[in-house]
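Enquirer: Sharing a structure below in structure tokens format, with a few things to ask.
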Amino acid sequence: MIEANHVGWKVGGARILEDVSLTVGAGELLGIIGPNGAGKSSLVNILSGVIRPSSGRITLQDRDVTRASATRRARLGLSRSFQTSALFDGLSAGENVRLAIQASGPAPFSPFRRAGAASGARTEDLLERVRMPGRATTLARDLSHGDRRKLELAMALASEPKALLLDEPMAGVSAEDVDGLAEIIGEVRDSGVAVAMVEHHMHVVLGLADRVAVLHHGQLLATGSPSEVTRDELVQQAYLGEAL
Ligand SMILES: Nc1ncnc2c1ncn2[C@@H]1O[C@H](COP(=O)(O)OP(=O)(O)O)[C@@H](O)[C@H]1O
Ligand SMILES: [Mg+2]
């Protein structure tokens, strides 16, 4: 579904990413881990079309999208969440989801479209999917951190994506909310979506991912099953001092 081929990215003289190749299939969850500054967010930005790589190719369902905009990629079924929150704080949870549904439709924000009953039902469905039933009228700013993350997920799912990129979807979330979020993301994968997830919570990545890619100084140190990757000597060195 998602493929990166020998992707490199240079800014000025600095090499941020070098020769990164990976694939994510339908119904597969690829965990992307690596120390701070390894290039994980840059990679997500390149996959989603926010950044153009300096070299290499990105394909979505075998279609070359290396030069396609983020909007074009979204239309082809790629959705993403951001490392920092992108919610409208002054709107309710339901209104945030409804905006995401409208933005993903054929004529976003057309003055002639009305948010009808259909979009109301879909809003409810999406909130239920992220275990937030009955939260539709709560203002985003009044939600717990965990619920804000769930709401962002609901918004990323509003376009019914085939592929989903998540950049630290559990950042700042309390320990008890982490497992709930992991369960929801696991269900998204099980529904057939290709998921690439950058995440700091190691036990979540290792428990949830089908495969893990380890980035270090912009290069792939290892790719494999969670147990293969944790046994890898290069990976252990990169994480020296941290519990894997
Ligand atoms: N737009 C940019 N211009 C220059 N350097 C950048 C830019 N974006 C990221 N970097 C640098 O690239 C490296 C990787 O950053 P990032 O992809 O955010 O890492 P991670 O998400 O793994 O923590 C860092 O050293 C960062 O300072
Ligand atoms: Mg990052």
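The values are calculated or read from the model by the stated rules, or taken from the named source; none is laboratory data. For clarity, every value in this text was computed on a predicted model and none was experimentally measured. Using ideal geometry, Cβ is built from the backbone for each residue, glycine included, and neighbour counts are taken over all protein chains shown. Remember, those area values only see protein heavy atoms, side chains included, never the ligands or the DNA or RNA. Shrake-Rupley method; radii C 1.70, N 1.55, O 1.52, S 1.80 Å.
Enquirer: Could you sort Leu17, Leu234 by their accessible area in this structure, using a 1.4 Å probe and putting the largest first? Numbers along the way, then the final one.
Expert: Details: Leu17 5, Leu234 95 Å².
Ranked list, largest accessible area first: Leu234, Leu17.
Enquirer: At 0.36 nm per residue, minus the direct Cα-Cα distance, what do Glu128 and Asp210 gain on full extension? Give it in nm, one decimal, please. Spell out each step's value before the answer.
Expert: Working: separation 82, 0.36 × 82 = 29.52 nm, distance 2.53 nm.
Full-extension gain reported as 27.0 nm.
Enquirer: Determine the gain in length on full extension of the stretch His145-Ala175; use 0.36 nm per residue of separation and subtract their C-alpha separation, reporting nm with one decimal. All intermediate terms of the calculation are to be shown ahead of the outcome.
Expert: On the way: separation 30, 0.36 × 30 = 10.80 nm, distance 1.13 nm.
Separation in residues times 0.36 nm, less the Cα-Cα distance, equals 9.7 nm.
Enquirer: While we're looking at this one, here's another question. Quick one: helix 145-157 against the long Cα principal axis of the chain, what's the angle to the nearest 10°, folded into 0 to 90?
Expert: Its long axis makes an angle of about 90 degrees.
Enquirer: Would you rank His217, His145 by solvent-accessible area, highest first, keeping every protein chain in place and using a 1.4 Å probe?
Expert: Values: His217 140, His145 90 Å².
The ranking, largest first, comes out as His217, His145.
Enquirer: Between the alpha-carbon centers of the stretch 1-52 and the stretch 143-213, tell me the distance in whole angstrom.
Expert: 18
Enquirer: Can you give the angle from 0 to 90° between the axis of helix 117-129 and the longest principal axis of the chain, with both taken from C-alpha atoms, to the nearest 10?
Expert: Tilt of helix 117-129: around 40 degrees.
Enquirer: With every protein chain in place, what's the accessible area of Glu160 (1.4 Å probe, Å², nearest 10)?
Expert: We get 130 Å² for Glu160.
Enquirer: Please find the FRET efficiency linking Thr138 to Ser85, where r is the Cβ-Cβ separation and R0 is fixed at 25 Å, and quote it to the nearest 0.05.
Expert: Approximately 0.95, to the nearest 0.05.
Enquirer: Next up: Could you tell me which of Ser191, Leu30, Ser55 has its Cα farthest along the dipole of the chain towards the positive end, charges placed at Cβ (Lys, Arg +1; Asp, Glu -1), taken about the Cα centre?
Expert: Going by the Cα projections, it comes out as Ser55.
Enquirer: To the nearest 500 deg cm²/dmol, what mean residue ellipticity at 222 nm is calculated for the chain from DSSP H runs of n ≥ 4 alone, each contributing -39,500 (n - 2.57), summed and divided by the residues?
Expert: Value at 222 nm, helices only, nearest 500: -10500 deg cm²/dmol.
Enquirer: Hey, another quick one. Heavy atoms of the protein only, probe of 1.4 Å, neighbouring chains included. What is the accessible area of Arg75 in Å², nearest 10?
Expert: Counting only protein heavy atoms, Arg75 exposes about 120 Å² to solvent.
Enquirer: I'd like the orientation of helix 93-104 relative to the chain: the angle between its Cα long axis and the longest Cα principal axis, in ° from 0 to 90, rounded to 10.
Expert: 70
Enquirer: So if R0 is 35 Å, what FRET efficiency would Thr71 and Gln237 give, r being the distance between their Cβ atoms, rounded to the nearest 0.05?
Expert: Numbers: r = 41 Å, r/R0 = 1.16.
E between Thr71 and Gln237, to the nearest 0.05, is 0.30.
Enquirer: Enumerate the amide H contacts of Arg80 below 5 Å, restricted to partners 5 or more residues apart or on another chain; note that Pro and chain-start residues carry no placed amide H.
Expert: Those qualifying (amide H under 5 Å, at least 5 residues apart or on another chain) are Leu165.
Enquirer: Could you work out how much longer the chain between Asp62 and Ala121 gets when fully extended? Use 0.36 nm per residue separation minus the Cα distance between them, nm to one decimal.
Expert: Values: separation 59, 0.36 × 59 = 21.24 nm, distance 3.36 nm.
Separation in residues times 0.36 nm, less the Cα-Cα distance, equals 17.9 nm.
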